[in-house]
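Only the coordinates and a few stated rules stand behind these numbers; no lab work does. All values derive from a computational prediction rather than experimental measurement. With ideal geometry, Cβ positions are generated from the backbone for all residues, glycine too; neighbour counts draw on all protein chains shown.
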Amino acid sequence: MAVFEVDEAAVRQLGPRLEPRLVVVTNLARDQLDRYGELDTTAGHVAAAIAHASAAVLNGDDPLVSGLAGGVPAVRFGAVGAIRSTMPDDHSLYGGEAPAVADEPEALLVSSAPDGDGQRVVVRVDGQDVAVRLAVPGAYNGYNAAAAILAAWRLGVAPGSAVGALEAMPPAFGRGQFVDYRGRRIRLLLVKNPAGFNQVIRLLAEDHSPATVLVAINDELADGRDVSWLWDARVEELASTRHRYGAGGVRSADMALRFKYAGVEAWIESDFRRALDRAVDEAAEGETVYVVPTYTAMLRFLELLRPGVARSEAWS
């Protein structure tokens, strides 16, 4: 069995070529709009791929995803209301009537709570509650766990049998990854769009210990040239935290301006090494340094943090 993570632009072509046994769709967020246009275009690409699959696993809480199956057999995952309300989509953010979603998903995320550097979640599948301790933080990773457990179940794997694999999974490249640098613990939290940035903002707001946060925005092709999505993220929620903030990357001035209008005091440094060193210098012993970069900014930081390793990790 092979499992592929597929780019939105490629999925339409791969569907008829691979005829996959199962397609899993977690969510659709405004990402790289200069490549895809609006979300309806991306949804059309995914639906075209699903049409060539034997079955689909869909996010029943995302109105754009839940109805993509067409005539293909589908199961859905979701979360209880208290968790779902922390995952706003474009429909709830801007109003308007949303398409119908699944009322009773086959997999339900019933609880999600921080657990040290990770997250402890409970997913209900086929009447069975499955508890999992994830190595990555955030309720949104609980959704990912629900998708994985449901996909395994749809392929004939008992829900409880997936627990060991999920708990053994380390943080992916740049997504909650820890790196030690100059006696400080750096945590990398990749951002690419408002939905993901909002979840990182929630993580930062829930960390009540003082920390240094460096947000580094690039605008290369892999990041998306248009960085106007920064204004759709809820940066204002950071104004009440105890953290220190810096703006870095090629578009450091854009991030600094977003911080200013959000009422968040922040320094600005576009040079990657100087920005990283300043963030580390400001952190007291035992404090975490959060580096919140876009994709190519993350590569630049990892080359500084782990010379010669970053590019190979990207393909691991």
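Between helix 272-282 and the chain there is an angle of about 70 degrees, using the helix long axis and the longest principal axis of the Cα atoms.
In order along the stretch 147-152, phi translates into HN-Hα couplings of 5, 5, 5, 5, 4, 4 Hz, rounded to whole numbers, per the Karplus curve 6.51 cos²θ - 1.76 cosθ + 1.60 with θ = phi - 60° and x for Gly and Pro. Once both labels are positioned 7 Å from their Cα atoms along Cα-to-Cβ, the gap between GLU38 and ALA158 label points is 4.8 nm.
Less than 5 angstrom separates the built amide H of ALA51 from none of the residues sequence-distant by 5 or more or on a different chain. Label sites at ALA165 and GLN13, each approximated as a point 7 angstrom past Cα along Cα to Cβ, lie 2.9 nm apart. Compared with the alpha-carbon gap, the fully stretched path from LEU257 to ALA131 is longer by 41.1 nm at 0.36 nm per residue. Taking Cβ atoms as reference points and 9 Å as the exclusive limit, the residues near VAL264 contribute a net charge of 0, counting Lys and Arg as +1 and Asp and Glu as -1.
Using a Förster distance of 22 angstrom, determine the FRET efficiency expected from the C-beta separation of TRP231 and HIS208, and round it to 0.05. So the FRET efficiency works out to roughly 0.25.
Relative to the dominant Cα principal axis of the chain, helix 39-50 is inclined by about 50°.
By how many nm would the segment from SER270 to HIS52 lengthen if fully extended, with 0.36 nm per residue of separation less the alpha-carbon distance? If you can, show how the numbers build up before the last one.
On the way: separation 218, 0.36 × 218 = 78.48 nm, distance 4.56 nm.
Taking SER270 through HIS52 to full extension adds about 73.9 nm, to one decimal.
A simple rule links phi to the HN-Hα coupling: the Karplus curve 6.51 cos²θ - 1.76 cosθ + 1.60 with θ = phi - 60°, which for the stretch 233-244 gives 8, 8, 5, 4, 5, 7, 5, 8, 7, 9, 7, 9 Hz, with x for Gly and Pro. Divide the volume of the convex hull around the Cα atoms of the chain by the residue count and you get 134 Å³ per residue.
Given the Cα-Cα distance of VAL80 and ARG175 and 0.36 nm per residue of separation, how much length would full extension add, in nm? Write out the running numbers ahead of the final one.
Numbers: separation 95, 0.36 × 95 = 34.20 nm, distance 2.47 nm.
Difference between extended and current length: 31.7 nm.
Between the helical axis of 8-18 and the dominant principal axis of the chain, each derived from Cα atoms, what acute angle in degrees is found, rounded to the nearest 10? Result, in degrees: 30.
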